[in-house]
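Everything below concerns the one structure shown next.
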Amino acid sequence: MAMSLEIRRMSRVAPDLGEAFGRLLPQLAPGLAAPEAGRLRAMVGDERTALFAAVDDGRIVGLLALVWYDVPSGRKAWVEDVVVDARERGRGAGRMLVEAALAHARSVGARSVSLTSNPARVAAHALYRKCGFEEVETTLFRFDLNKVAL
């Protein structure tokens, strides 16, 4: 069956978007669930967030979020929550999502685009390299505000 894949920047929250998050986020990491409707609306309406969906014959088969922000060293962008349905992988949806995000980051004036990826996601790493990402030597620090009282 031929793939009629297209990439859409989501401009509104329809029921299929919530369903897609509920189906796809657990494939990214166990325990992840769809954001509640208000959070989804805020994300879609945020002027510094672009939510892209890979759609095949009307069904969302992949998602990617791009955010950008300004700091003294320039405008930067970050890719988050890239996931393609396990049954659809290897058909180009991931590459199309990443390319759409890179094009959008360029259009908003970002100097660079970063992402992190679990070391076990070997196929994802290969995709990012094919799209032009390079690994950088850095140490990521995270402070979990939900676990530690200030």
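Here are some residues: Asp57, Asp85, Asp70, Asp144. Which one is surrounded by fewer than 15 Cβ atoms within 10 Å (Cβ to Cβ) and modelled with pLDDT of 95 or more? Result: Asp70 is the single residue among Asp57, Asp85, Asp70, Asp144 that is surrounded by fewer than 15 Cβ atoms within 10 Å (Cβ to Cβ) and modelled with pLDDT of 95 or more. Of everything in region 40-51, what is open to solvent by less than 50 Å² (accessible area, probe 1.4 Å) and either more than 15 Å from Ala110 (Cβ to Cβ) or in contact (Cβ under 8 Å) with a residue 60 or more places away in the chain (or both)? Give them in sequence order. Selection gives Leu40, Met43, Val44, Leu51. Among the candidates Val122, Val108, the residue that is among the hydrophobic types (A, V, I, L, M, F, W, C), in contact with a Lys or Arg (Cβ under 9 Å, 6 or more places away or on another chain) and either under 28 Å from Pro72 (Cα atoms) or free of Cβ contacts under 8 Å to residues at least 24 places away in the same chain (or both) is uniquely Val108. Residues that are touching a helix residue (DSSP H, G or I) at 6+ places or on another chain (Cβ under 9 Å), small (Gly, Ala, Ser) and more than 13 Å from Gly94 (Cα to Cα) within region 36-81 comprise Ala37, Ala50, Gly58, Ala77, listed in sequence order. Residue count for region 1-12 satisfying the condition of being over 16 Å from the mean Cα position of the chain (by Cα) and surrounded by 14 or more Cβ atoms within 10 Å (Cβ to Cβ): 1.
One residue is enough: does region 81-94 have a residue meeting the conditions in contact with a Ser or Thr (Cβ under 9 Å, 6 or more places away or on another chain) and over 13 Å from Arg8 (Cβ atoms)? There is at least one residue in region 81-94 that is in contact with a Ser or Thr (Cβ under 9 Å, 6 or more places away or on another chain) and over 13 Å from Arg8 (Cβ atoms).
Note on region 15-39: residues that are out of contact with any strand residue (DSSP E or B) (no Cβ under 7 Å at 6 or more places or on another chain), aliphatic (A, V, I, L, M) and either loosely packed, with under 12 Cβ neighbours inside 10 Å or at pLDDT 95 or above (or both) amount to 2.
Within region 108-134, being modelled with pLDDT of 95 or more, out of contact with any strand residue (DSSP E or B) (no Cβ under 8 Å at 6 or more places or on another chain) and open to solvent by 90 Å² or more (accessible area, probe 1.4 Å) holds for Arg129, Lys130, Glu134. The set of residues from region 87-120 being farther than 14 Å from Arg48 by Cβ, touching a Leu at 6+ places or on another chain (Cβ under 9 Å) and of a type in the set (Gly, Ala, Ser) comprises Gly92, Ala93, Gly94, Ala100.
The values are calculated or read from the model by the stated rules, or taken from the named source; none is laboratory data. Small disclaimer: the values here were computed from a predicted structure and weren't measured. Every residue, glycine among them, receives a Cβ derived from its backbone with ideal geometry; neighbour counts consider all protein chains shown. Side chains are part of the model used for accessible areas, which takes the heavy atoms of the whole protein and leaves out ligands, DNA and RNA. Shrake-Rupley method; radii C 1.70, N 1.55, O 1.52, S 1.80 Å.
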